[in-house]
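Here the structure comes first, spelled out in structure tokens, and everything after it is commentary.
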Amino acid sequence: MSKETILIVSGISKSFGGVKAVDNVSFKLARGEIIGIIGPNGSGKTTLINLITGFVKKDSGKVFFKDRNITKLPPHKIADLGITRTFQIMRPYYTLPAFKNLIVPLYSPRVRRAVGGRLGDRDAVAIDLLEEVGFERDAYVPYKLASTLPLGYLKRLELSRCLALRPEVIICDEVFSGLSMAEIASMVPLMEKLQMEGITVIMVEHRLRELFRLVNRVMVMNFGEKIAEGVPEKVMKTKEVREAYLGTEGE
Amino acid sequence: MELKSRRKERLDRGINVRTTGIYAVSSWREIAYLVLPRLILIVGLLILPLVLPSMYWQRVICITCIFALLALAFDFLAAYVGIICLGGALFVGVGGYIAGVSNALLGLPPALTIPIATLGGALICTLLLLPCLPLRGIYFAIISLMYPLVLPRIIEALDLFGGTEGIAALTTFPNIWVDQYLIIVVVLIALFALRRLANEDMGLVLHGIKDNDQAVRASGMSITWYKAQAVFIGALIGCFAGAYLSHLYGWVGISLFGLDFSILPIAAFVLGGPGTLVGPVLGAFILTPLSEVLRAFGPLRIVFYALILVGFIVFKPEGLMNYFQRKYHQFEHWIEV
């Protein structure tokens, strides 16, 4: 069964001054696929996400979502179409309780359109969503102020903020970084569940072992260029990738 | 000698049976606990004109309420949306001139000019400020401070609306009671409406913009649109104050763009307690009469005024209302650690 292509990125580039942060990167995504983007520090992964989601203006190239050109749309319009993202540096609404953080996306035009008007008891919906990502309702975690939550919960809060929008594509910017092994172990099933629900996921990640358990395909970036793409095991064996990660061998 | 360290322990006094959005009130004591502070404010403001000794102080109350409205607008924008708006004078000036022009040149009564000036003025102010809304940081403050400096010069240079003379002989309110109660009722409505708004969905989105505007954009909402709405609400309040002021004096002139209208509300905001909405109103009700009392000191007036402000910023930066609220809602006692 050939799957419908949901996202096409064709030849996008971005320079900051003389530095080519993203250089002519293209890829395609099928619906329900889960793809990893990896690469050394400063290889342009986050910039690539910013370009796709419209937070940074593209120098050149095009992005299509479900055959619609979204190249020039502002970030909120792109999110409104169903492409949501998490941020690498999480900044929840610190002065609000965790569940109130979700009222903002639940109030968004996209959700209101989906449910046909005002959503019923949003507090309950928000708490259900938080429970789904592992906020223990019985321990009153959803009611805690976001500023008092530990890192692991913040990452999940960020993810649930995306889920609240009922997205079609989720782009995760390093959701595993800074988490303990136990915390990652509890997040992996969550990501698998997203895939089961037919949500397309792009994961930018440094934790390769956990990533390779999840993804069907990885894309490797270095100095803003895509240097390899394919099944994780094969990609990691190619010469360019080994050089990018381990350095060039001295002659 | 053994060093004993002590710290203050705080315990919530509040009602412990509280579910989301509903107070489960079980006794008169608790009802009083909730209602009394609000009642004191409402009743206090309403009987204030009756107990004042002279016409002079009744006039002072009108001016005080104008500053209270501006302080409310500033507090709403600064503490609930994260926009520092130094454009109080812009709102007052635009609102005042629209009311003045429609009254003097078109002959409309105040019952029409005030609503026109409030809505039209707010629309104009929002459009003027729109270009700098997508920007973060200090730019909005600078632009909003600039307009009240530029507009009076334009009026002067082009000799518009009576130029430096202004427009005189506007219709005034029928008597001093209308003067006072009109503005007092508006202050109360604005206060409770803003409080309500802050707890609604819209208020949460605005709060989100203050905490993290990028996350709001990533949630599919245009921050410019929401900020514009917030500025419109702030401008509504400010423009009403301006329109009211022009009918109170029966005169409009370029002094409506005076910096007092931008700066004094900020002082009231600092004194009264940022983010409490009631606080800035309280602050205005302390500062404006105080500045009248200090008139007796002549030129030293500003010095005393500044000293009081500095004292508050240094010793009570949280502001009066935050302090009172804490004392009201919590027991405090010293415990040894």
Residues of the range B:151-171 being surrounded by 13 or more Cβ atoms within 10 Å (Cβ to Cβ), part of a helix (DSSP H, G or I) and at pLDDT 80 or above, in sequence order, are B:L151, B:P152, B:I155, B:F161
All-but-one check, B:P289 against (1) at negative phi; (2) under 13 Å from the mean Cα position of the chain (by Cα), failing number (2)
Counted residues in the range B:179-207 being within 14 Å of chain A (Cβ to nearest Cβ) and either within 21 Å of B:P280 (Cβ to Cβ) or at pLDDT 90 or above (or both) come to 8
Taking first residues from the range A:132-148 that are without any contact (Cβ under 8 Å) to a residue 24 or more places away in the chain and second residues anywhere that are surrounded by 15 or more Cβ atoms within 10 Å (Cβ to Cβ), the pairs with Cβ under 6 Å that are 6 or more apart or on different chains are A:R137/A:E131
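Being modelled with pLDDT of 85 or more and more than 12 Å from chain B (Cβ to nearest Cβ) narrows it down to one residue among A:L163, A:L102, A:L130; which is it? Give the steps one after another, and end with the answer.
Working: A:L163 fails: more than 12 Å from chain B (Cβ to nearest Cβ); A:L102 fails: more than 12 Å from chain B (Cβ to nearest Cβ).
Just a single option satisfies the conditions, and that option is A:L130.
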Residues in the range A:84-93 that are at the interface with chain B (Cβ under 8 Å from one of its Cβ atoms) and without any contact (Cβ under 8 Å) to a residue 40 or more places away in the chain total 1
Residue pairs within 6 Å by beta carbon, gap of at least six or interchain, first lying in the range B:208-225 and facing chain A (nearest Cβ under 7 Å), second in a helix (DSSP H, G or I) and of a type in the set (A, V, I, L, M), listed first then second, are B:G208/A:V104; B:G208/B:V216; B:V216/B:I209; B:V216/B:I223; B:R217/B:I223; B:A218/A:A79; B:S219/A:V104; B:G220/A:A79
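Going through the range A:1-47 one residue at a time, which ones are part of a loop (DSSP other than H, G, I, E, B), within 24 Å of A:H206 (Cβ to Cβ) and among the hydroxyl-bearing types (S, T, Y)?
Looking only at the range A:1-47, we keep the residues that are part of a loop (DSSP other than H, G, I, E, B), and these are A:1-4, A:17-18, A:31-33, A:39-44.
Then drop every residue that is not within 24 Å of A:H206 (Cβ to Cβ), which leaves A:33, A:39-44.
A:S43 - this is the single residue of the range A:1-47 that is part of a loop (DSSP other than H, G, I, E, B), within 24 Å of A:H206 (Cβ to Cβ) and among the hydroxyl-bearing types (S, T, Y).
So which of A:L119, A:L145, A:L81 ends up being modelled with pLDDT of 85 or more and either surrounded by 15 or more Cβ atoms within 10 Å (Cβ to Cβ) or more than 9 Å from chain B (Cβ to nearest Cβ) (or both)? Quick ask: steps written out before the conclusion?
Numbers: A:L119 fails: modelled with pLDDT of 85 or more; A:L145 fails: modelled with pLDDT of 85 or more.
Exactly one residue qualifies, and that residue is A:L81.
Give the residue, chosen from B:G87, B:G107, B:G93, B:G82, that is modelled with pLDDT of 90 or more and of a type outside the set (A, V, I, L, M, F, W, C). Let's see the steps before the verdict.
Values: B:G87 fails: modelled with pLDDT of 90 or more; B:G107 fails: modelled with pLDDT of 90 or more; B:G82 fails: modelled with pLDDT of 90 or more.
The unique qualifying residue is B:G93.
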Expected output for the range A:196-214 (first residue more than 13 Å from A:E33 (Cβ to Cβ) and surrounded by fewer than 16 Cβ atoms within 10 Å (Cβ to Cβ), partner of a type in the set (D, E, K, R) and at pLDDT below 90, Cβ below 8 Å, 6+ apart or cross-chain) is A:H206/A:E174
task: Look at B:L264 and say whether it is under 17 Å from the mean Cα position of the chain (by Cα), more than 30 Å from B:F161 (Cβ to Cβ) and surrounded by 21 or more Cβ atoms within 10 Å (Cβ to Cβ).
output: no
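The values are calculated or read from the model by the stated rules, or taken from the named source; none is laboratory data. Being a predicted model, the structure only gives us computed values, none of them experimental. All Cβ positions, even for glycine, are placed from backbone atoms using ideal geometry, and neighbour counts span all protein chains on display.
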